[in-house]
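A quick write-up on the structure given underneath.
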Amino acid sequence: MSDLLAPTKVEPLEAEQAAALDRDGYLLLRGAVPEAWREGLRDAFDAGVGTQDQWAAPRGLGWRHALVDLDPVVQRTCRLPSLLAAGGQMLGAPFFLGQVEGREPLLDGGHQPLHRDGVGVNAVAALVFLDPYGPDNGATRVVPRPLDPGDLGGESDETLSLILTGEAGDILVFDADLPHGATRNRSGARRRSLLLSFMRERDRAAQDACRAARNVRMDTRQVFVP
């Protein structure tokens with residue numbers, strides 16, 4: 001897209017958080033979403049749920065998907081200062097919000113093998129949890145950077161992964177190249193989340209070229225500068 005907006009300055013992370021993010025490749029921002037916003041985010045998720053044919057590209061079975069990127073509360077959430085600070089810490093260069101959508105593992109669904117979303121690409125991913133999450137309802141697991149075995153090569157050591165637990169309003173932000181994956185929703189309890197990604201400004205053209213395939217409807221012109 002053209003006609004970029006004036007750059008928005010991003011404040012740095014607190015030193016302790018920055019050190020943890022650099023060390024582990026992920027950071028869990030506890031209670032980052034204001035409580036007053038959370039019900040609105042859940043409403044936006046539920047309103048955005050449709051059928052498979054609303055997506056330009058097929059979505060995985062065992063999941064509920066939601067189109068949410070035009071909702072104003074979702075957009076505000078994607079711009080929370082702590083989340084932008086974490087993105088700036090990892091990318092270290094001007095970046096933009098490339099995508100946000102809703103995902104929820106269904107009963108007995110959601111399990112993913114450990115995988116990387118950003119092999120060869122500098123990208124930051126984040127999950128905004130809208131419900132309590134843990135090993136019983138499909139919580140995300142990660143392999144911290146010091147334990148990362150490198151190229152997964154089709155094999156992964158599950159003993160290295162940590163299953164995260166927490167409450168609605170938490171945000172997990174991580175290097176998209178970090179091994180991660182959802183677990184199976186054994187209980188059927190709701191585990192709605194927003195999945196978003198930040199990309200370096202220099203990669204904008206490639207992202208714009210596949211906007212339609214990714215169902216990106218929002219304005220992505222804003223640039224954030226660490």
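The values are calculated or read from the model by the stated rules, or taken from the named source; none is laboratory data. Because the structure is predicted, anything quoted here is derived from the model rather than measured. Note: ideal-geometry Cβ built from the backbone for every residue, glycine included; neighbour counts use all protein chains shown.
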Quiz item: Taking the range 183-206 as the region of interest, how many residues are under 24 Å from residue 41 (Cβ atoms) and outside any loop (DSSP other than H, G, I, E, B)?
Solution: 8
Quiz prompt | Enumeration of residues in the range 47-90 that are among the aliphatic types (A, V, I, L, M) and surrounded by 22 or more Cβ atoms within 10 Å (Cβ to Cβ) | solution = 66, 68, 74, 83, 84, 85, 86, 90
Self-check item: One residue from 204, 190, 186 being of a type in the set (Lys, Arg) and modelled with pLDDT under 95
Solution: 204
Quiz item: So which residues in the range 15-64 are closer than 15 Å to residue 90 by Cβ, in contact (Cβ under 8 Å) with a residue 40 or more places away in the chain and either in contact with a helix residue (DSSP H, G or I) (Cβ under 6 Å, 6 or more places away or on another chain) or not hydroxyl-bearing (Ser, Thr, Tyr) (or both), if there are any at all?
Solution: 17, 18, 21, 22, 23, 24, 25, 27, 28, 29
Quiz item: Looking at residue 217, is it without any contact (Cβ under 8 Å) to a residue 12 or more places away in the chain, of a type outside the set (S, T, N, Q), closer than 25 Å to residue 58 by Cβ and in a loop (DSSP other than H, G, I, E, B)?
Solution: no
